[in-house]
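Trainee: Here's a structure for you.
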Ligand code: LLP
């Protein structure tokens, strides 16, 4: 997929760059991003809205992968940006991202974070709860600013990977409950506030979702309420933000829709609902994270030790693991992989790929068909672009790998490899003179 192919040496090539040469130059483990594919995904979302003639904002959910260079691409492609913390906001500002296109999320934004958002004049705050509603008004008053907000609601729909279940009473830490009157109370407070400009409603039903049923049910539930609010409170939203969550194909067992299909189906439903209730078609905002960057990322590892458990399995260990990709350990996530230096060779055995962390659960891939691999062969694990680097950690004091962007035969290092010095950067020695 993307610009990946096999070159005449039988090596995996991405963005016109031989991944073996990149591994030799930058070391392993190494995250490689196919920038061309990120741009293609970004344009795909934007063009779908344009073709349907619907006013929209496509906000990249930067939690999926937030670095200065990534944010610069998001800016070049004209997307908006979803941030969920002071750190993500700081990264966006460090990349000179236009603040008016930033949407600030989070279920427990601190006073400092909200002040930071108002100082930078971020485009919109997605208010999650009553505590925040109060705090934000307080800060807005002292800043003498009118703040654009969306109210995050939980529509009472839980989306699961393949499935969705309806829950009458949504049990979630996020948002105002739509069914029990919380959302309406928040709306009333916001409408009465002189320092809040309530643009509309937000909901996000889950992640790695393969069909549009959950989105459609959420839209229906929200419109039922919007109609009440229109008739009873004379409130009509300018914006309906339906969040992110569009699934991608990690393995052949995953069957996501094409990204544009999610958008067109959702819009079709919103148009029907708006018409049915005699309301203006709102602007539709979405927040894709995984579906914008997930399949653009590939991780290259070097194979080291192996262990046979006779008649049970063969373990092959790589030089990374749950420190650079915690998703298999945390969510039993599945990935596909090949030997990057011998892509065309037929699989001869089934192996299980172990990480190097001191934890039995640090297994990257179970039962992977591979050619007979030796130590020093390189393993390419696909679709690691979302929630890989962004969830990386220093467990076992393993330095985090670097990130390289490739595009049209050129490579750029956009995050350098952490060093052992970085591992102790924040450590302070004991001072024996200090009495506790
Ligand atoms: N908007 C909101 C409000 C969200 O909470 C999220 C993800 C997104 C957008 C983007 O969702 P996406 O399009 O990426 O599915 N760490 C997990 C995923 C956590 C998603 C959290 N919220 C994983 O690695 O699968």
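The values are calculated or read from the model by the stated rules, or taken from the named source; none is laboratory data. This is a predicted model, so every value here is computed, not measured. As a convention, Cβ positions derive from the backbone with ideal geometry for all residues, glycine included, and neighbour counts pool all protein chains shown.
Trainee: Output the residue which, of all residues in the stretch 30-50 that are farther than 16 Å from residue 411 by Cα and touching a residue at least 40 places away in the same chain (Cβ under 8 Å), is surrounded by the fewest Cβ atoms within 10 Å (Cβ to Cβ).
Mentor: That would be 47.
Trainee: Give all pairs with beta carbons closer than 9 Å in which a residue from the stretch 241-266 that is under 20 Å from residue 56 (Cβ atoms) and not assigned by TED's automatic domain parsing to the domain that holds residue 285 meets a residue that is outside any strand (DSSP E or B) and within 12 Å of the ligand (Cβ to nearest atom); count only pairs at least 6 apart in sequence or on separate chains.
Mentor: Listed by first residue and then by second, the contacts come to nothing, as the list is empty.
Trainee: Moving on. In the set 221, 230, which member is buried (at least 19 other Cβ atoms within 10 Å of the Cβ) and either over 28 Å from the mean Cα position of the chain (by Cα) or more than 16 Å from the ligand (Cβ to nearest atom) (or both)?
Mentor: 221
The rows are residues; the columns are (1) at pLDDT 95 or above; (2) crowded, with 18+ Cβ neighbours inside 10 Å; (3) away from the ligand (no atom under 13 Å from the Cβ).
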position	(1), (2), (3)
329	yes, yes, no
338	yes, yes, yes
345	yes, no, yes
351	yes, yes, yes
355	yes, yes, yes
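Trainee: Residue under question is residue 78, and the condition is that it be on the phi > 0 side of the Ramachandran plot and more than 16 Å from the ligand (Cβ to nearest atom); does it hold?
Mentor: For residue 78, the condition - on the phi > 0 side of the Ramachandran plot and more than 16 Å from the ligand (Cβ to nearest atom) - is met.
Trainee: Examine the stretch 38-54 for a residue that is in contact with a strand residue (DSSP E or B) (Cβ under 7 Å, 6 or more places away or on another chain), over 21 Å from residue 257 (Cβ atoms) and assigned by TED's automatic domain parsing to the domain that holds residue 242, and state whether such a residue exists.
Mentor: no
Trainee: Would you be able to say whether some residue in the stretch 304-320 is at pLDDT 95 or above, within 16 Å of the ligand (Cβ to nearest atom) and in contact with a strand residue (DSSP E or B) (Cβ under 8 Å, 6 or more places away or on another chain)?
Mentor: no
Trainee: When the residues of the stretch 118-132 are narrowed to those that are free of Cβ contacts under 8 Å to residues at least 40 places away in the same chain and within 16 Å of the ligand (Cβ to nearest atom), which ends up nearest to residue 285 (Cα to Cα)?
Mentor: 125
Trainee: Within the stretch 293-303, can you find the residues that are within 30 Å of residue 204 (Cα to Cα) and either more than 16 Å from the ligand (Cβ to nearest atom) or surrounded by fewer than 19 Cβ atoms within 10 Å (Cβ to Cβ) (or both)?
Mentor: Of everything in the stretch 293-303, just one residue is within 30 Å of residue 204 (Cα to Cα) and either more than 16 Å from the ligand (Cβ to nearest atom) or surrounded by fewer than 19 Cβ atoms within 10 Å (Cβ to Cβ) (or both), namely 298.
Trainee: Please determine, by comparing only the residues of the stretch 375-404 that are under 14 Å from residue 67 (Cβ atoms) and outside any loop (DSSP other than H, G, I, E, B), which one is farthest from the ligand (Cβ to nearest atom).
Mentor: 404
Trainee: Give me a count of the residues in the stretch 257-292 that are buried (at least 19 other Cβ atoms within 10 Å of the Cβ), within 15 Å of the ligand (Cβ to nearest atom) and not in a helix (DSSP H, G or I).
Mentor: Residues that pass the stated criteria total 6.
Trainee: For the stretch 144-217, please list each of the strands (runs of 3 or more DSSP E) lying entirely inside it that holds at least 3 residues being assigned by TED's automatic domain parsing to the domain that holds residue 109 and either modelled with pLDDT of 95 or more or within 16 Å of the ligand (Cβ to nearest atom) (or both).
Mentor: 147-154, 157-159, 196-202
Trainee: Can you tell me which residue among 413, 368 is modelled with pLDDT of 95 or more, within 24 Å of the chain's Cα centre (by Cα) and either more than 16 Å from the ligand (Cβ to nearest atom) or not in a loop (DSSP other than H, G, I, E, B) (or both)?
Mentor: Going through 413, 368 in turn, the sole match is 413.
Trainee: Yes or no: residue 135 under 28 Å from residue 193 (Cβ atoms), assigned to a helix (DSSP H, G or I), touching a strand residue (DSSP E or B) at 6+ places or on another chain (Cβ under 9 Å) and away from the ligand (no atom under 13 Å from the Cβ)?
Mentor: In short, no.
Trainee: Determine which member of the set 430, 363, 423 is surrounded by fewer than 21 Cβ atoms within 10 Å (Cβ to Cβ) and closer than 30 Å to residue 246 by Cβ.
Mentor: 363
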